[in-house]
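**Q** Have a look at this one.
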Amino acid sequence: DGGITQSPKYLFRKEGQNVTLSCEQNLNHDAMYWYRQDPGQGLRLIYYSQIVNDFQKGDIAEGYSVSREKKESFPLTVTSAQKNPTAFYLCASRMNPTNLYSNQPQHFGDGTRLSIL
Amino acid sequence: SQELEQSPQSLIVQEGKNLTINCTSSKTLYGLYWYKQKYGEGLIFLMMLQKGGEEKSHEKITAKLDEKKQQSSLHITASQPSHAGIYLCGALNNNDMRFGAGTRLTVKP
């Protein structure tokens, strides 16, 4: 079945450590997104990518980095510069984002919960 | 960027009761998406609205977009425990999507 796979489901980070969250999709979607969700809050956009080898910062990109070397994959690295990384991270993908009137919804993975040790 | 306000923040209803969740935008909506999230899981797409005055239904859930395309409502008829979760509205913002803070729904049996 087509879908988005995030791994791992739970991740623990030590102080000063970089960690990478995986996101893979087999939906042949062009665009991919990373969101952060804190308790009782909505989703905040970290980074997004519309095509391979290109990505843009969202509202809270500081302390995070991404790459888009393949259409199917959009890994997120939480660097040691991110001082408050504990959150639920959601990856999403979408087809044809260039048309403002496109009616394609985003599809989401099951999320990765990151905690500090 | 687009800002979406949802109300109420949380809602507790008795099973069988009807309820409405609202989503208001600071800008004209070109696409309004409703999602449901269970705690610790991803978002499940419910419905998408594009045209002013549009209304869509799926089972006991109905979503509407007002004529001015700046407000949407999600209505659940005869709520059931399976409806419990967090409902989020999302809107296209140039090439990305922004979301409201969500409404947490609890349905008491």
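Values quoted throughout were computed directly from the atomic coordinates according to the rules given, and no laboratory measurement underlies them. All values derive from a computational prediction rather than experimental measurement. So basically every Cβ, Gly included, is an ideal-geometry build from the backbone, and we count neighbours across all protein chains shown.
**Q** HN-Hα J couplings of region A:88-93 from phi, Karplus 6.51/-1.76/1.60, θ = phi - 60°, integer Hz, Gly and Pro as x?
**A** 9, 10, 10, 10, 9, 9
**Q** I've got another one for you. What percentages make up the Cα-Cα pair-distance distribution of the protein assembly as shown when the bins are 10 Å wide from 0?
**A** Here the calculated profile for the protein assembly as shown is 8, 33, 35, 19, 4, 0.
**Q** Let me ask something additional. Do the alpha carbons of any pairs in B:Lys27/B:Lys64; A:Lys9/B:Lys56; A:Lys57/B:Lys64 sit beyond 28 Å of each other, and which pairs?
**A** On the way: B:Lys27/B:Lys64 17 Å; A:Lys9/B:Lys56 34 Å; A:Lys57/B:Lys64 32 Å.
A:Lys9/B:Lys56; A:Lys57/B:Lys64, as the Cα separations exceed 28 Å there.
**Q** Continuing with the same structure: Mind giving me the nanometre distance, one decimal, between the label points for A:Lys83 and A:Gln56, set 7 Å out from Cα along Cα→Cβ?
**A** Computed distance between label sites A:Lys83 and A:Gln56 equals 2.9 nm.
**Q** Continuing with this model, one more query. Average the reciprocal distances over every distinct pair of alpha-carbons in chain B, invert the result, and give the Kirkwood radius in Å. Spell out each step's value before the answer.
**A** Working: mean 1/r = 0.0725 Å⁻¹.
Hydrodynamic radius (Kirkwood, Cα pairs) of chain B is 13.8 Å.
**Q** Between region B:42-109 and region A:38-94, how far is it from one alpha carbon centroid to the other, in angstrom?
**A** When both Cα centres are located, 24 Å separates them.
**Q** Counting DSSP beta bridges in the protein assembly as shown, what percent are antiparallel, to the nearest 5?
**A** Values: 71 of 80 bridges.
Beta bridges within the protein assembly as shown, antiparallel portion: roughly 90 percent.
**Q** Next question, about the same structure. When only DSSP loop residues count, what GluC sites (Glu not before Pro) in region B:1-104 have their Cβ near at most 15 other Cβ atoms within 10 Å? Let's see the in-between values first.
**A** Working: sites: B:Glu3, B:Glu5, B:Glu15, B:Glu41, B:Glu54, B:Glu55, B:Glu59, B:Glu67; in loops: B:Glu3, B:Glu15, B:Glu41, B:Glu54, B:Glu59, B:Glu67.
Listed in order of number, the matching sites are B:Glu3, B:Glu15, B:Glu59, B:Glu67.
**Q** Please go through region A:1-105 and write out the chymotrypsin sites (Phe, Trp or Tyr not before Pro) that DSSP classes as loop and that have at most 13 other C-beta atoms within 10 Å. Please list the in-between numbers first.
**A** On the way: sites: A:Tyr10, A:Phe12, A:Tyr33, A:Trp34, A:Tyr35, A:Tyr47, A:Tyr48, A:Phe55, A:Tyr64, A:Phe88, A:Tyr89, A:Tyr101; in loops: A:Tyr101.
Filter output for region A:1-105: A:Tyr101.
**Q** Based on the Cβ-Cβ distance from A:Lys9 to A:Asp38, what FRET efficiency comes out when R0 is 25 Å, to the nearest 0.05?
**A** Details: r = 18 Å, r/R0 = 0.72.
Here the calculated transfer efficiency is 0.90.
**Q** I'd like the Karplus ³J(HN,Hα) series for region A:7-22: coefficients 6.51, -1.76, 1.60, θ = phi - 60°, whole numbers in Hz, and an x wherever there's a Gly or Pro.
**A** 8, x, 6, 10, 9, 10, 10, 8, 4, x, 9, 8, 10, 10, 9, 9
**Q** Report, by chain and number, residues whose modeled amide H sits under 5 Å from the one on B:Lys27, excluding near sequence neighbours (fewer than 5 apart, same chain).
**A** B:Glu3
**Q** So if I average 1/r over every pair of distinct C-alpha atoms in chain A and take the inverse, what Kirkwood radius in Å does that give? Could the numbers behind the result be given before it?
**A** Values: mean 1/r = 0.0700 Å⁻¹.
In chain A this quantity evaluates to 14.3 Å.
**Q** Hey, another quick one. With the crude spin-label approximation of a point 7 Å out along Cα→Cβ, what separation in nm comes out for B:Gln70 versus A:Asn26?
**A** Spacing of the two 7 Å Cα→Cβ label points: 4.6 nm.
**Q** Can you spot the aspartates and glutamates whose alpha carbon is less than 14 Å from A:Lys70's alpha carbon? Ignore those fewer than 8 places along the same chain.
**A** Answer for A:Lys70, where 14 Å is the Cα cut-off: A:Glu24, A:Asp30, A:Asp54, listed by chain and number.
**Q** Out of region A:1-65, which GluC sites (Glu not before Pro) are coil in DSSP terms and have no more than 11 other C-beta atoms within 10 Å?
**A** Values: sites: A:Glu15, A:Glu24, A:Glu62; in loops: A:Glu15, A:Glu62.
Here the GluC sites (Glu not before Pro) that fit, given the DSSP loop and packing criteria, are A:Glu15, A:Glu62.
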